[in-house]
């Protein structure tokens, strides 16, 4: 059930998630494959087969002591050579993605812009059109017409940025905090590590994990997103790394892995508020998240490293997902760390919050 996403996020003080059906809400920062029922979440109507709903997973409160807790934890991404939030305000944000300066809507930027108009006027691309997350907009190129894709880089990993009709560009820079943390766990383990990336989108997290030495399974319901992720793997020069690219509904895949006895050391899941799988499966965050979280615990190895949940655009606070994660991982020890992912603005140093997160670390 694929959904940034871009990943896709603002019903609470957070941007709407991809494929979020709730209205009204500010736009999130996810790509068309994460917002609305789009190629990211469904195939063409002619190809779709409505799936027979599976019996709901029976949940019971786990026995045992709750994990330790650390909150609030604010994970911050500062401007760097690959990406920078240059300025924000008046419902917009000015970003630097590699060689390009981009202007996009940002519902949370309710303050005033810090940079003068001349700096904003130097933008290479501006997203215009329908400001509703469900609507299709377009890009305007005030200086030089640009192609659909352009080369980008994250920490030495090459990938493709893309101007999509839903204002997203295929990467969520705030997730770099999770990527760095995951890479550190993989390196420090000094043993083979298996990573499952559910709702994997365009694959940056999977590429970071593979480069660090992990065997990765990447799952997304969108063939388009998987194709983009494969392109990124080639661009990054990581085709020799062990990554399985799977087009599948996230919940169904996790259920099958549980039955097959497949186990993972790290699980990442970044679900939308609302989404559809490739066979018409429907995902509703508050209805389905507890069962999927429980599944993520059940498919861990005997010596797991971490489970990382990111939630965009939900009417909640991180305390809700924090309580869910602590209950789910009762009896396993470790620590549940929860808070928000933010991007630090270059112009005035303001923090732009993008999403909630909660992660269990062994």
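Scanning the stretch 185-214 for residues that are part of a strand (DSSP E or B), in contact with a helix residue (DSSP H, G or I) (Cβ under 9 Å, 6 or more places away or on another chain) and more than 20 Å from residue 283 (Cβ to Cβ) yields one hit, 195. Would you point out the residue of the stretch 309-355, among those that are within 14 Å of the chain's Cα centre (by Cα) and over 11 Å from residue 75 (Cβ atoms), that is modelled with the highest pLDDT? Step by step, filter the stretch 309-355, then rank; the result is 309.
Surrounded by 23 or more Cβ atoms within 10 Å (Cβ to Cβ) and assigned to a strand (DSSP E or B): is that true of residue 219 in this structure? Can you show your working first?
Numbers: surrounded by 23 or more Cβ atoms within 10 Å (Cβ to Cβ): yes; assigned to a strand (DSSP E or B): yes.
The answer is yes for residue 219.
The values are calculated or read from the model by the stated rules, or taken from the named source; none is laboratory data. Predicted, not measured: the structure shown is a model, and the values here were computed from it. Methodologically, a virtual Cβ is constructed for each residue, glycine included, from the backbone with ideal geometry; neighbour enumeration extends over all protein chains shown.
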